[in-house]
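Notes for the one structure printed next.
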Amino acid sequence: MFSSEAIERFRHLPTPFYYYDLTLLRSTLERIRTEADKYDFHVHYALKANANLPILQLVRSFGLGADCVSGNEVKRAVECGFKPVDIVFAGVGKSDTEISYALEQDIFCFNCESLQEMEVIQELAAKAGKKARVALRINPNVNANTHKYITTGLEENKFGINLWELESVVTKLKNLDRLTLCGLHFHIGSQITDLSAFKSLCLKVNEIQGWFVTRKINIENINVGGGLGVDYHEPDVNTYPDFSAYFGIFNEFLERRPGQRVHFELGRAVVASCGSLISRVLYVKKGQNTHFAILDAGMTELIRPALYQSYHKIENLSKQEPVSDVKKGASVSDKQLQRYDVVGPICESSDCFGKAVLLPETFRGDLIVLRTAGAYGEVMASTYNLRDLVKSVYSE
């Protein structure tokens, strides 16, 4: 992935830092627009994946909307030039201050997750002399077949309105005169690689839409969420998710009503591949059973492995011929390869990026890259251990 010129540039930069390949991001956005436009689908970018300013500006330039889950994300979207008509505010715990700000901006829609939330928006809208467009986030009880920490569409999750309470919510919504029902919202999880989960979602949405049709309630917008996964194991082989198959499933199985707009909220699938975390080896500790490569980057820069044992491909960029792929079953006695536990400097045992990672013999000062870190890397960074937040470097 990295040219010799890029690696040479990295050698002269202080580490750690996030590196963003904007050419790759541009290519990803072009693919998304090409495939979504085939069916007149509307794509919103989920800022929670990465709210880096140059990235947001590039995303906006391709005509994507903004999917926000906090008041500050709404502010960031406005500051980056997203039009209010293209901004959606989701999230299970919106504060009064956040709601009031979004009302002032006259955003497109609030995705509401409970009756009480709608009652609060009603009260705040009345005080401000505003009307608010709302979509009901419905929990479809569809299993996304992904990690339990990033599953959002089951009754055991905190998100959404359950099917059994839908009748009561819709009845009470009729008395909230400051709210206009403009759509339904669904989201079943993140890092979904089994596309059959999206077919199951479509069938459940069709069933729920039928419920509204029998009650003569017109639904103008269907938001099917996001969740499309990326290939963390082979980033150079599968650089892009299969956007054609993804959007094709919704075109084939979602029963779209006349004039109805279908919205998506992609995050990881947009930015994950374009980002990397570049680090240096501080120390190599050699033991009888394992070697440790201790980096200057840690869970403060990329928390995903510590949070839910996620995998990121790790490569040593300082070698002339970096090992990018090792076949399953390769002998660890190969003279060119050794196993390392690649860890960070944070005072937590969970500060580990990978165990028994096969790398060329590694030394202090070597450049190490953690691939596919464009989503949920920089945006989840912390100053734990009073560490500084690190900078971003761009290909352009």
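Each label point is 7 Å from the Cα along the Cα-to-Cβ direction; what then is the distance between the points at I7 and E123, in nm?
My value for the distance between the label points is 6.1 nm.
Hey, what do the phi angles of region 298-311 turn into as Karplus ³J(HN,Hα) couplings, whole Hz, using 6.51/-1.76/1.60 and θ = phi - 60°, x for Gly and Pro?
x, 5, 6, 9, 8, 8, 3, x, 6, 6, 8, 6, 6, 9
Excluding T171 itself, what net charge comes from residues whose Cβ is under 11 Å from its Cβ, given Lys and Arg +1 and Asp and Glu -1?
Working: positive: K172, K174, R215; negative: E165, E167.
It works out to a net charge of +1.
Just to be sure I understand: of the beta bridges DSSP finds with both ends in the chain, what percent are antiparallel, rounded to 5?
Details: 23 of 60 bridges.
Bridges in the chain are about 40 percent antiparallel.
Which of the following values of Rg/Rh (Cα atoms, Kirkwood Rh) was calculated from the structure shown: (1) 1.01; (2) 1.28; (3) 0.95?
Computed from the coordinates, Rg/Rh (Cα atoms, Kirkwood Rh) corresponds to (1).
Ranking H42, H185, H233, H263 by Cβ neighbours within 10 Å, fewest first, what do you get?
On the way: H42 17, H185 26, H233 13, H263 22.
Ascending Cβ contact count within 10 Å gives the list H233, H42, H263, H185.
Which net charge results for the neighbourhood of N289, defined as the other residues with beta-carbon distances under 14 angstrom from its beta-carbon, given Lys and Arg at +1 and Asp and Glu at -1? All intermediate terms of the calculation are to be shown ahead of the outcome.
Details: positive: K285, K286, R339, K355; negative: D341.
Here the charged neighbours net out to +3.
Using r as the Cβ-Cβ distance of K130 and L22, and R0 as 41 Å, what FRET efficiency do you calculate, to the nearest 0.05? All intermediate terms of the calculation are to be shown ahead of the outcome.
Numbers: r = 38 Å, r/R0 = 0.92.
That pair, K130 with L22, gives E of 0.60.
Based only on other Cβ atoms within 10 Å, what is the fewest-to-most ordering of S70, S279, S190?
Values: S70 18, S279 28, S190 25.
By the 10 Å Cβ count, ascending: S70, S190, S279.
Any idea how far apart D37 and T290 come out in nm if each label point goes 7 Å out from Cα toward Cβ?
Roughly 4.9 nm, to one decimal.
Please identify the helices of the chain, taking whole runs of DSSP H, that span at least 24 Å along their own axis as judged from the Cα atoms and have a mean Kyte-Doolittle score of 0.0 or higher.
The qualifying helices are 196-214.
Working out 0.36 nm times the residue gap between I217 and Y311, then minus their Cα-Cα distance, what length gain in nm do you get to one decimal? Don't skip to the end; give the middle numbers.
Values: separation 94, 0.36 × 94 = 33.84 nm, distance 4.46 nm.
Full extension of this stretch gives 29.4 nm more.
Based on other C-beta atoms within 10 Å, arrange K131, K285, K313 from fewest to most. Don't skip to the end; give the middle numbers.
Numbers: K131 15, K285 12, K313 21.
So the residues, fewest neighbours to most, are K285, K131, K313.
Suppose a student asked you for the relative contact order of the chain, using Cα pairs under 8 Å spaced at least 6 residues apart; what percent would you report?
On the way: 798 pairs, mean separation 77.2, N = 396.
Computed value for the chain: 19 percent relative contact order.
Put a dot 7 Å past each Cα toward the Cβ at K391 and C347; how far apart are the dots in nm?
Calculated label separation equals 2.9 nm.
Between N175 and R257, what FRET efficiency follows from the Cβ-Cβ distance if R0 is 25 Å, with the result rounded to 0.05? Each step should come with its number before you reach the end.
On the way: r = 25 Å, r/R0 = 1.02.
According to the calculation, E is roughly 0.45.
Only the coordinates and a few stated rules stand behind these numbers; no lab work does. As the structure is a prediction and not an experimental result, all values here were calculated from the model. Positions of Cβ are generated from backbone atoms using ideal geometry, with glycine treated the same way; all protein chains shown enter the neighbour counts.
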